[in-house]
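I have placed the structure first, in the form of structure tokens, so that the comments after it can refer back to it.
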Amino acid sequence: MSPRRTATSVLVATLGFAWPGASRAAVDFLFNYTDAPGVGFNAAGQLGADRRASLDLSAGVLEGYLAAYTATIHIDVNGSVTDDSTLASAGSNFNAGFPGEGFDSRGDVMMKILGEADPATLLADGEVNWNFQDFAWEPFSDFQPGELDLQSTAIHELMHAIGFSSDIAEDGTSA
């Protein structure tokens with residue numbers, strides 16, 4: 001059992017609830033933190049550990065919903081984005097598929113989840129980029145004024161990595 005699964009199982013047992021499939025998820029997100037030491041998800045001390053734990057918990061939620069599938073998804077994580085207009089972003093690599101709207105994108109992450117061969121075995125399947133410099137993030141639930149929810153944003157971003165993309169504008173029209 002991975003350290004994350006152990007921590008998730010303890011959390012679930014302690015709190016008395018479970019996400020769908022939390023202890024039996026067959027899809028496993030593995031994160032490669034590419035930040036320099038002391039930066040982003042590799043921040044020193046408890047801050048970096050909390051950020052990584054929060055991302056792991058968010059992945060666990062999605063893994064629970066994907067329990068009918070079997071795949072190991074490798075995601076490069078960069079927490080040193082400094083574009084003051086972007087909170088976070090994520091996507092799948094597209095080594096075989098062509099991007100489309102909704103879940104029509106056939107990126108590496110979706111292909112692996114659906115049981116297709118890994119089109120690029122030596123590369124990460126997707127990436128998540130995070131802006132910790134310009135925004136304050138709460139990794140768990142002890143929110144202070146001005147802080148953003150790291151966990152729900154991580155779930156949103158990982159859905160982009162799985163393959164959900166959209167060109168839907170605020171007024172509901174699509175590009």
**Q.** Residue within the range 63-82 that is free of Cβ contacts under 8 Å to residues at least 60 places away in the same chain, in contact with an Asp or Glu (Cβ under 9 Å, 6 or more places away or on another chain) and more than 19 Å from Ala124 (Cα to Cα) present
**A.** yes
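For the range 112-150, which positions are of a type in the set (S, T, N, Q) and not in a loop (DSSP other than H, G, I, E, B)? Show your work before the answer.
Step one: of the range 112-150, the residues of a type in the set (S, T, N, Q) are 121, 129, 131, 133, 141, 144.
Once the filter is applied, which keeps residues that are of a type in the set (S, T, N, Q) and not in a loop (DSSP other than H, G, I, E, B), the range 112-150 yields Asn129, Asn131.
At pLDDT 95 or above and of a type outside the set (Phe, Trp, Tyr), is that true of Asn95? Talk me through it step by step, then tell me what you get.
Details: at pLDDT 95 or above: no; of a type outside the set (Phe, Trp, Tyr): yes.
No.
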Q.
What are the pairs with Cβ atoms under 7 angstrom where one residue, in the range 30-43, is farther than 19 Å from Ser58 by Cα and free of Cβ contacts under 8 Å to residues at least 60 places away in the same chain and the other, located anywhere, is surrounded by 17 or more Cβ atoms within 10 Å (Cβ to Cβ) and of a type in the set (Phe, Trp, Tyr)? Sequence gap at least six, or different chains.
A. Asp35/Phe41
**Q.** Ser105 being part of a strand (DSSP E or B), surrounded by 14 or more Cβ atoms within 10 Å (Cβ to Cβ) and at pLDDT below 95
**A.** no
Q | Test for Leu158: is it surrounded by 13 or more Cβ atoms within 10 Å (Cβ to Cβ) and either in a loop (DSSP other than H, G, I, E, B) or modelled with pLDDT of 95 or more (or both) | A | yes
Q: Check the range 43-61 and report whether any residue there is modelled with pLDDT under 50, of a type in the set (A, V, I, L, M) and assigned to a helix (DSSP H, G or I).
A: no
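Within the range 71-93, take every residue that is in a loop (DSSP other than H, G, I, E, B) and within 17 Å of the chain's Cα centre (by Cα) and give me the one that is surrounded by the fewest Cβ atoms within 10 Å (Cβ to Cβ). Break it down into steps so the answer makes sense when it comes.
Keep residues of the range 71-93 that are in a loop (DSSP other than H, G, I, E, B), which gives 79, 81-87, 93.
Then drop every residue that is not within 17 Å of the chain's Cα centre (by Cα), which leaves 79, 81, 86-87, 93.
Working: Gly79: 25, Val81: 19, Thr86: 13, Leu87: 16, Asn93: 20.
Result: Thr86.
The values are calculated or read from the model by the stated rules, or taken from the named source; none is laboratory data. Computed from a prediction, not measured in an experiment: that's the story for all the values here. Note that each Cβ is placed from the backbone with ideal geometry, even for glycine, and that neighbours are counted across all protein chains shown.
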